[in-house]
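Only the coordinates and a few stated rules stand behind these numbers; no lab work does. Predicted, not measured: the structure shown is a model, and the values here were computed from it.
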Amino acid sequence: MGTPAFELIAGLMGTLEYFQWLAAETGCSGDRRQLFEGAYAAMGKHEDALSEQLLAGLVAMPGLTMKAQAR
C-alpha cells in the first residue's frame with residue numbers, strides 16, 4: 001500500500017473547501033451536491049466572461065484574422 005499521499009489529501013480538502021466557499025459567495029445553498037453544482041456554474045460563468053474579453057481583444061488586433069469561433 002505504501003505511504004498515504006498526505007499532500008494529495010490536503011490539496012483535495014482545500015479544493016472542496018474552496019468550492020463550498022465559492023458556492024456561498026455566489027448565493028448557492030442546499031446540500032453538498034447542490035453547492036458543488038453551484039460552484040461549477042459560477043466558475044463556468046466567470047470563464048465565459050473571460051473568454052468573451054479575450055475574443056473581443058483578439059478581434060480588435062490589427063492584422064489578426066479569426067478563422068472560426070468555438071461553439
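The long axis of helix 6-25 is offset from the longest Cα principal axis of the chain by roughly 60 degrees.
Between 0 and 90 degrees, the angle of helix 32-59 with respect to the longest Cα principal axis of the chain falls at about 20 degrees.
Assign one of three labels to the chain, namely rounded, prolate or oblate, based on the Cα gyration tensor with a ≥ b ≥ c the square roots of its eigenvalues; rounded applies when a/c is under 1.5, prolate when it is not and a/b is larger than b/c, and oblate otherwise. Judged from the Cα gyration tensor, the chain comes out oblate (a/c at least 1.5, b/c at or above a/b).
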